[in-house]
Amino acid sequence: MKYIIVLCDGMSDRPIKSLNNQTLLQYARTPNMDLLASLGRTGQLLTIPVGFDPGSEVANISILGYDLSDIQEGRAAFEAIGIGVELQNKDLVLRCNLINIEGDFLNNHTAGYITTEEAEVLLTYLQEHLGNDRIRFYSGKQFRHLVVVKEGDKQLECTPPHEVPLQPYYNYLPKAITIEAKETASLINDLMSKSHKFLTDHPVNLNRISKGKVPANGIWLWSPSHRVKIKLLSEIYPAIQKGSVISATDLMRGIGVCAGLHPIKVEGATGLYDTNYKNKLDAALDALVTDDFVYLHIEACDEAGHAGDIPTKRLSIENIDEQIVGPLYEALKSWKTPVSIAILPDHSTPCEIRTHTSDPVPFLIYYPGITPDNVQRFDEVECEKGSYGLLKGNQFMNELLRV
Ligand SMILES: [Zn+2]
């Protein structure tokens with residue numbers, strides 16, 4: 001048996017008033033997910049352990065079966081691996097979002113989905129003017145970048161930019177938790193305020209403004225982390241000797257690499273609804289020829305959820321159904337080696353609240369020969385009746401791998 005997890009970031013939702021109190025998974029046309037739900041078994045999974053914030057890093061690490069209390073580092077540490085930044089022992093790495101500031105407000109945590117090409121110019125500019133022996137900027141993708149501070153203290157209280165409410169942002173700037181961390185806190189606050197000054201009139205931003213787009217006129221630093229190391233999946237699960245991760249995000253690639261998976265780059269993968277679904281599917285099928293396990297991550301739904309964009313989230317769900325799930329099932333039908341398919345979101349990103357929640361997520365598992373349960377549709381409401389019941393921690397991986 002081989003295994004593929006189709007991870008649809010932020011796909012689950014809550015009942016939406018304007019859709020007659022249906023969730024988007026109920027509302028969208030998903031004949032292929034429904035078919036696999038009817039042929040396989042379903043359930044719900046608690047992907048956010050009690051006491052943890054519902055971040056994608058928490059959810060995905062938990063889905064892969066790791067105990068979160070063993071992992072002390074945040075997403076920036078995994079993104080560093082995804083980007084290929086080698087951290088030294090005392091290096092502090094922080095996520096550096098390009099953001100849009102309007103007056104006293106953090107107006108947009110993605111700088112209007114700035115392109116990677118524009119962002120690279122801005123990050124290079126920041127490195128030239130604010131980088132030094134101790135501080136280094138690294139470009140990632142779109143609005144997601146990193147800053148590494150040598151000898152930085154991790155004891156900082158930082159608010160993710162997508163959780164800064166519409167109040168003056170000054171109240172949410174990074175703060176030191178300990179006296180020792182005060183120097184690092186003041187250093188990164190200084191970086192944020194200087195970046196705002198440097199970026200405001202940058203030609204890239206003037207050009208964005210002339211096209212009616214919001215300028216990336218600030219950075220927001222958060223997720224203070226040191227270097228991270230976790231057990232390899234192959235050490236935990238003997239069934240996974242060789243695996244791959246396919247994702248447009250540095251975070252998911254980093255988590256995968258950390259877990260011993262081989263990262264596969266896919267042409268046209270954008271992390272948005274317009275991603276090249278076919279190329280991602282083809283890459284996954286190619287990988288399954290030689291590997292035991294593929295983690296296929298699709299970001300699109302999460303971004304639409306954060307934007308509160310119901311039509312785009314619906315389109316993203318239908319694209320995944322039509323262009324990934326359907327052709328995946330069709331292709332694997334003729335394979336001699338049976339492949340177990342799991343489909344699930346990592347967490348909900350409900351359009352109405354535009355942020356992640358800790359709600360349990362629906363999941364399905366299908367493999368040739370599985371005894372199906374009575375659930376006929378893949379959505380939050382139906383999967384609650386599924387025969388796996390409500391799982392948590394490593395129970396999902398154990399069920400998938402039938403440990
Ligand atoms: Zn996520």
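The values are calculated or read from the model by the stated rules, or taken from the named source; none is laboratory data. Keep in mind that what you see is a predicted model, and the values were worked out from it rather than measured. Note that each Cβ is placed from the backbone with ideal geometry, even for glycine, and that neighbours are counted across all protein chains shown. Accessible surface areas use protein heavy atoms only, side chains included; no ligands, DNA or RNA. Shrake-Rupley method; radii C 1.70, N 1.55, O 1.52, S 1.80 Å.
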Placing each pseudo-label 7 Å from Cα in the direction of the beta carbon, residue 330 and residue 171 end up separated by a distance in nanometres of 5.4 nm
Whole-Å distance linking the alpha carbon centroid of the range 155-200 with that of the range 282-347 is 37 Å
The simple spin-label model distance between residue 235 and residue 398, using points 7 Å out along Cα→Cβ, in nm, is 2.0 nm
Ignoring ligands and nucleic acids, residue 223 exposes an accessible area, probe 1.4 Å, in Å² to the nearest 10, of 20 Å²
Whole-Hz Karplus couplings 3J(HN,Hα) for the range 239-256, θ = phi - 60° and coefficients 6.51, -1.76, 1.60, Gly and Pro as x, run 5, 9, 8, 9, x, 10, 10, 10, 7, 7, 9, 5, 4, 5, 4, x, 4, x
Filtered hits (lysines, Cα-Cα < 21 Å from residue 336, offset >= 8 within chain) -> 2, 242
In order over the range 307-320: 3J(HN,Hα) from phi, Karplus 6.51/-1.76/1.60, θ = phi - 60°, whole Hz, x for each Gly or Pro, gives 7, x, 9, 4, x, 6, 5, 4, 4, 4, 4, 5, 4, 4
Judged on accessible area alone, 1.4 Å probe, highest first, 177, 264 line up as 177, 264
Residue 179 and residue 53 label points (each 7 Å along its Cα→Cβ direction) are spaced in nm at 2.7 nm
Here the gain from full extension of residue 151 to residue 257, 0.36 nm per residue of separation minus their alpha-carbon distance, amounts to 35.7 nm
Rg from C-alpha atoms of the chain, normalised by the globular rule of thumb 2.2 N^0.38 Å, equals 0.98
Length-normalised contact order of the chain, Cα under 8 Å, at least 6 apart, in percent, tallies to 33 percent
Here the range 87-225 gives, from Cα atoms, an Rg and Dmax in Å of 14.2, 46
Check: in the range 87-225 the Lys pairs 8 or more apart or on separate chains whose Cα atoms fall under 17 Å apart number 6
Given 71-77, 85-91, the highest-first ranking by average Cβ count within 10 Å works out to 71-77, 85-91
